[in-house]
Amino acid sequence: PMGNLSGGQRQILAFLMATIHPPTLFMLDEPTAALDPQAATKLLQFANRFIKKHKITTLLITHDPQLALTIGNKVWVLENGQIIKQLNLQQKSTISANDLIGHIEYKTITQ
């Protein structure tokens, strides 16, 4: 039964169930939050292949700036429900996770 699974195992199972019939929009809300690093890496590799193979529009919500910069072709940074920074694919390749965090902290401090 699903009740015997750990939080991470349930998260992986829910993800796999969502891929049985490829959706037109894939929403991933903190997909690696309950996973150990090895499981998170495997899940993200599978997700990337699945998304590219089926050409699925995907919305990834994460607090992990490195993950945000690794996946997808656009990044939107939100603060208090407002977009404070947008990066396209080219811009993503020129910024580090630390730079992205620095921008967020700067915006938070100066408002």
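The values are calculated or read from the model by the stated rules, or taken from the named source; none is laboratory data. This is a predicted model, so every value here is computed, not measured. Ideal geometry is used to build each Cβ from the backbone, glycine not excepted, and the neighbour counts take in all protein chains shown.
Quick notes on this one:
- Of the residues screened, Ala14 is not one that is at negative phi, aliphatic (A, V, I, L, M), in the same structural domain as Gly102 (by TED's automatic domain parsing) and under 16 Å from the mean Cα position of the chain (by Cα).
- Taking the criterion of being farther than 20 Å from Gly72 by Cβ and surrounded by fewer than 14 Cβ atoms within 10 Å (Cβ to Cβ), the residues of region 11-36 that qualify are Leu13, Ala14, Leu16, Met17, Ile20, His21, Asp36.
- For region 43-93, a residue qualifies if it is of a type in the set (A, V, I, L, M) and buried (at least 17 other Cβ atoms within 10 Å of the Cβ), and the qualifying residues are Leu43, Leu44, Ala47, Ile51, Leu60, Leu67, Ala68, Leu69, Ile71, Val75, Val77, Leu87.
- Filtering Leu44, Leu78 for residues that are within 12 Å of the chain's Cα centre (by Cα) and of a type in the set (A, V, I, L, M, F, W, C) leaves a single hit, Leu44.
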